[in-house]
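Comments concern the structure below.
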Amino acid sequence: MLRYSIALLGAFVIVGPVLALEPFPSGFHTQEINTNGTTLHVRIGGQGPAVVMLHGFGDTGDMWAPAAAALMSRHMVVAPDLRGMGLSGHPDTGYTKKNQAVDIAGVMDALRIEKADLVTHDIGNMVGYALAAQYPARITKWVVIDAPLPGIANWEEVKQSPLLWHFNFRGPDEERLVAGRERIYLDRFYDELSADPKKIDEATRQHYAALYARPHAMHDAFEQFGAFNQDAIDNKALLAQGGKLSMPVLALGAEKSFGTAEAATLRFVATNVTMGIVPGSGHWIMDENPGVTTALIIDFLSK
C-alpha cells in the first residue's frame, strides 16, 4: 500500500508534437483565463451545476475527457491545467497548493461560478484540499482520488519511502539529466505505479511526454514537489484554523494503489467521508479503469 500511496508523482515528456488522446466532446471549448498572476488553460462544456476537475502530476486536464463526456449532460464541467503544467502559464513562483487553490478560485470567479462540486486526482487532491479549506462555502461535494495530503495523517512516513526519491529530485543538474530523456523518466512512473503498464498506451505516453517536454515544463513540475514542505505547514494551519471540512467527500483509492488508505487519510480533514475503491487499477485510474471511475464519480455527485 505504501508503494502506491506515493503515486502522486509521475512526470511525462518527449520532444515532438502533442498527440491527441480521447478528445473532449465537441460541445467543449477552451479558454485562457487570467488568474492570480498567471494564465490557466481551461476546458469548459456542458450545462447544469458546475464540476471543477483537477488533474495531477504526469497528466493534464486532458485526463478527464471520458468523465467529462458522461457528466456534461447534467453538469457544467471545468477542467483546467494547473499552473506550470500542460498549456497553462509557467510562472517562476507560486507552486504551493494553497496559492494554486487561489488560481482555481479565480477561474471560478471568471466563469461566474459561485459554487461547484470538485473532482481531483494526485496533486490535484492537494490543490483541492487547499481550495475546499480556504473556500468551504464554494465547494458542495468533493471526490478525491488516490493520493495523500502533505502534512496530514501518515505523511511523514509516506515521504520517507525510497520510492519517493523524486520528491527531492530537482535542480539545474537534475533538469539537465532529464532533458531529452523525459519519456524515459516518465515511463518509470507509469510502469511502477500501474496495476498493468499496458493500460497506459503508447498514444497516452507520447501525448503527455510532449507536453512535459515543453519549455520550462519539467522545471515547473519539479517545483510542484519542491513546495511539499510548505504545503505540509499550510495544510496543518488550515486544519487548525478551520477545522474539518463538512461537505460530503468520496475518497476513492485504486485497488492496487492507495486503496482504503485514501478514506483513512481524508477522515483526518473531513467529517463526512464515504470510501470507494476503483477495482483492477493502479494509480492511473482514468487510463486503467475509466468506466468504473466515471460511474463512481457520477453516482456520488448525483446523490
- Note on the structure: Exception for G84 within (1) within 21 Å of H216 (Cα to Cα); (2) open to solvent by 10 Å² or more (accessible area, probe 1.4 Å); (3) assigned to a loop (DSSP other than H, G, I, E, B) falls at (2)
- Read through the list (1) surrounded by 21 or more Cβ atoms within 10 Å (Cβ to Cβ); (2) β-branched (V, I, T); (3) part of a strand (DSSP E or B), then give the number of the only condition that T274 fails. (1)
- Task: Confirm whether G61 is touching a Lys or Arg at 6+ places or on another chain (Cβ under 8 Å), closer than 14 Å to M286 by Cβ and of a type in the set (G, A, S).
- Result: yes
- Across region 96-112, what is the number of residues that are open to solvent by 10 Å² or more (accessible area, probe 1.4 Å) and in contact with a helix residue (DSSP H, G or I) (Cβ under 9 Å, 6 or more places away or on another chain)? 4
- Determine whether region 47-57 contains at least one residue that is surrounded by 24 or more Cβ atoms within 10 Å (Cβ to Cβ) and at pLDDT below 95. yes
- Message: Give me the residue from region 225-250 that is free of Cβ contacts under 8 Å to residues at least 40 places away in the same chain and either assigned to a loop (DSSP other than H, G, I, E, B) or in contact with a Lys or Arg (Cβ under 6 Å, 6 or more places away or on another chain) (or both) and, out of that set, most open to solvent (accessible area, probe 1.4 Å).
- Response: K244
- Would region 64-71 turn up any residue that is more than 26 Å from P150 (Cα to Cα), part of a strand (DSSP E or B) and of a type in the set (A, V, I, L, M, F, W, C)? no
- Task: Within region 251-269, count every residue that is surrounded by fewer than 24 Cβ atoms within 10 Å (Cβ to Cβ) and not in a loop (DSSP other than H, G, I, E, B).
- Result: 3
- Item | Enumeration of residues in region 93-119 that are outside any helix (DSSP H, G or I) and in contact with a Gly (Cβ under 9 Å, 6 or more places away or on another chain) | T93, G94, Y95, L118, V119
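The values are calculated or read from the model by the stated rules, or taken from the named source; none is laboratory data. These figures come from a predicted structure and were not determined experimentally. In this analysis, Cβ positions are derived from the backbone assuming ideal geometry, glycine residues included, and neighbour counts consider all displayed protein chains. Quick note on the areas: whole protein, heavy atoms, side chains included, nothing else; ligands and nucleic acids left out. Shrake-Rupley method; radii C 1.70, N 1.55, O 1.52, S 1.80 Å.
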